[in-house]
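Written out below as structure tokens is the structure these notes cover.
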Amino acid sequence: MAKDKDKKKKKKSSSEEAPAAAARTREPAKAKEEEDLETYKKRKIADLENLGRSGGVYVPPFKLARMQKEIEDKTSAEYQRQTWEALRKSINGLVNKVNVGNIKNIVEELFQENLVRGRGLLVRALIRAQMASPGFTHVFAALLAVINSKLPEVGDLLIRRVILQFRRAYKRNDKIVTTAAIRFMAHLVNQKIASELLALHVATLLLERVTEDSIEVCVSFLQVMEELDLVEDEDQITHEVDLLDETIKGEETLNIFKAIPPEQYAADEVKVSIVEPLVIRSVSYVRMETGGMAHWRDLFYEVSDGLRLYARDYPGPSPDAPVALLMHGLTRNSADFEALSPVLAKTHRVLVVDQRGRGRSDRDPDASRYHLATYVGDMFELLAQQAITQVAVVGTSMGGLMAMVMNVKSPNIFSHVVINDIGPVVAPAGLARIKSYVGTGSRFSTWEEAAAHIKVLNEAAFPAYTPEAWMAFARRTCVEEGDAVVLNYDLAIAEAMKQREEAAVPQDLWPTFEALKPKPTMLVRGGISDLLDIPTAVEMRRRHPEMAFLEVSNIGHAPMLDEPGVAERIADFINDRSSSDHRGCKELLLGLLGAKWKLISSEILGLEQDEGSDSSDDSDEEADAAADRRAQEKILDFTEQDLVNLRRSIYLVIMSSVHYEECVHKILKLNIAEGQEKEVCTMLIDCCAMEKMFNRFFVLQAERLCRLNPVYQDTFTESFGIQFNTVHRLETNKLRNIGKFFAHLLYTDCNREA
């Protein structure tokens, strides 16, 4: 019995100890599992952070700078990765905004970056920008010519990559890419970056097997070839690279972040810090000797609510030079004044601001602060931080309204005021147009798509713009973000306009405008502006008789101030060279010419001076009769202004609708005139073709219109014939989308004879 009791006790104790032992064995396993899970999380986060352009998460510049400050070890892999991302974004931004007017400034800014480490990023940015905008190839080649004279490794790498691009496109019979690549090579030869033997190899290869396309490409290649001397022969380094060199490799690893040992990274940073100032000084010396445009420095300043805002600071001719303040419009930025700033910088220090939420300034997390009073406060903080007591101001659109308000708050702040295409009363039609597009069409896949969108919205204001001008317009107002092109302003500005009307325009500004009477004031108006109408401009001149006035013909809202002679007129006004002397001389000259003409006409007609007064009644009757005839005449508008407005309205209706039936309802309410149905059909086809993937939203609208109105069936049938005859000009993506578009209409019996 005792033995049985002992056995039972042992069993009981062993059964009690078993869960405890299992728990003890589970604890290390659980801890190990949690540790493995934490390690897995860290590894996945690191993998996500190390992704390239297509997979990485967008980090705002201010947040990236803050993250860099938080890292104590300035040679760690994490710090190197963040520095690499900042370098990539900076290089892409500089390359994308370069143009003929600012290339010398961009060169200096590029040399402030680490181009030794980022040479792969620079070359990739140049090639991608050139492929997107072949019309700017000469600008990219000129930019590379200056960089190659100081860093020949960059020039050699770009030549090799362009050759690789040409080879791949030539093997695939891709005519578009081949043409773009040889265009780049031709300009590289023009700038003496590449040897003339490369041009000979290209021409020989194209003429080896003669076809219509090869002849066309070769002729376009030879037409670009010319002699240029942007950089002196002794400074330029020419690379001799064989077109058929089999040793050329892509070196794609230069585009991807790769951490290096901390000791090597620190040593490289020291070398760059020593060499960089020497290169910048040499480039600056060349720029000043060649009489280039004025350069600017980046000025960042912090306002009271913690945002970091940006301004371009043109130094002026001397440290004690007077100051000019340039303020842009509602959705624009400091790039708007690239033509005016260098002209004013000859006599003034020029500050060109990016208002909060625009350009390189921080976006405001509180959208309710996007209104005029906040912007005015930011400007006063900038002037106070720079210890500036008086400025000459140029304000475009919203910037002009800001100037009026600032003058009331501080009457002695302005020496001269230039108001560009804005007044105390804003025309309702113009304001409605602006509200209709602010915040829409925010992302585009290519620069061409961005330029097309901007053209649709602004074609009525700039009817004479060329494709190159629209592309320059797009590069001033947009910026690359990842793989997309986006508008360079905070879309929350549109929300602020909806929340409060005065965020865009205050209610009554006539008293504010009249406060400008003691100041030398100049009004610039676009000749076809829909925001500053003629009655408002006339009333402004009546209330301020001493105000100078300049109207820019055939330009709407708002003049870019790069039109011929406009910048010089503004500079003359600010420098007190156009107040009364020029007007007096002009009036005197016109008076002399008028008197001379009267004398000559009297001699020819044999009339005496008093005969003119005797026949005044007859002339009045003739004038009345002529006026009656003119009233009965039918005026024909050959400028097609109404047609342009109709196209813009159709585009805005299509892009702002959520559902296709809603869009069709809005289109029918536009009261399309007979014969204008073609504009609706063409716009639907073009919008569908521009999409990356086929979108049924557009073809469902077409189907609905055909069922409601048989006229659209005939119109789409005509459009099909036009598209079929020009199908060879379409890119693959557009061809696929248009094919699916008409296939749907055929399937639903909405296209009669196609």
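The values are calculated or read from the model by the stated rules, or taken from the named source; none is laboratory data. Only a predicted model underlies this, so the values are computations on that prediction, with no experimental measurement involved. Every residue, glycine as well, gets a Cβ built from its backbone with ideal geometry; the counts of neighbours run over all protein chains shown. Protein only, heavy atoms only, side chains kept; ligands, DNA and RNA dropped before computing areas. Shrake-Rupley method; radii C 1.70, N 1.55, O 1.52, S 1.80 Å.
Mean projection of the Cα convex hull over all viewing directions, computed for the range 647-754: 6.3 nm². Site pair Gln386 and Lys669 shows an inter-label distance of 4.7 nm when each label is modelled 7 Å from Cα along Cα→Cβ. Among Gln701, Leu735, Leu643, which residue has its Cα furthest toward the positive end of the charge dipole of the range 641-748, with +1 on Lys/Arg Cβ and -1 on Asp/Glu Cβ? Checked the options; the winner is Leu735. Modelled spin labels at Asp298 and Lys175, positioned 7 Å past Cα toward Cβ, are 4.3 nm from each other. State log₁₀ I(q)/I(0) for the range 283-432 at q = 0.10, 0.17, 0.19 Å⁻¹ as given by the Debye formula over alpha-carbon point scatterers of equal weight, solvent excluded. Log10 I(q)/I(0), no solvent term: -0.35, -0.98, -1.20. The value obtained for the range 429-489, namely the Cα convex hull volume divided by the number of residues, is 74 Å³ per residue.
Where Rh denotes the Kirkwood radius from the mean inverse Cα pair distance, what is Rg over Rh for the range 385-526? Expressed as Rg/Rh, it is 1.02.
The largest accessible area among Asp572, Asp714 belongs to the first residue in Asp714, Asp572, and the rest follow in falling order (1.4 Å probe, all chains). Heavy-atom accessible area, probed at 1.4 angstrom with all protein chains present, ranks Glu563, Glu480 as Glu480, Glu563, highest first. Along the Cα→Cβ direction, 7 angstrom out, place labels at Glu661 and Ala203. What is the inter-label distance in nm? Inter-label distance under the simple model: 6.5 nm.
Taking all protein chains as shown and a probe of 1.4 angstrom, Val479 keeps an accessible surface of around 50 Å².
Determine how many Å³ per residue the convex hull of the Cα atoms of the range 295-334 encloses. Display every interim value, and only then the final one.
Details: hull volume 4.0 nm³, N = 40.
Expressed per residue, the convex hull around the Cα atoms of the range 295-334 is 101 Å³.
No solvent, one uniform scatterer per C-alpha: report log10 I(q)/I(0) for the range 450-567 via the Debye equation at q = 0.15 1/Å, two decimals. The computed values of log10 I(q)/I(0) come out as -0.91.
Starting from 0.36 nm per residue, how many nanometres of slack lie between Glu196 and Ala429 once their C-alpha separation is accounted for? List each step's numbers first, then the result.
Values: separation 233, 0.36 × 233 = 83.88 nm, distance 5.70 nm.
Extending this stretch completely gives an extra 78.2 nm.
How large is the accessible surface per residue of the range 641-748, computed with a 1.4 Å probe and reported in Å² as a whole number? Intermediate values should be presented prior to the final figure.
Numbers: 5930 Å² over 108 residues.
Solvent-accessible surface per residue comes out at 55 Å².
For the range 372-492, what % of the accessible area comes from carbon and sulfur atoms, probe 1.4 Å? Of all accessible area on the range 372-492, carbon and sulfur atoms account for 58 percent.
Rolling a 1.4 Å probe over the heavy atoms of the protein chains gives the range 429-489 an accessible area of 36 Å² per residue. With a Förster radius of 51 Å applied to the beta-carbon distance between Lys740 and Lys517, the computed FRET efficiency rounds to 0.20.
When the Kirkwood hydrodynamic radius is evaluated over all pairs of different C-alpha atoms of the range 366-411, what value in angstrom, to one decimal, is obtained? Before the final figure, lay out the partial values.
Values: mean 1/r = 0.0892 Å⁻¹.
After inverting the mean inverse Cα-Cα distance, the result is 11.2 Å.
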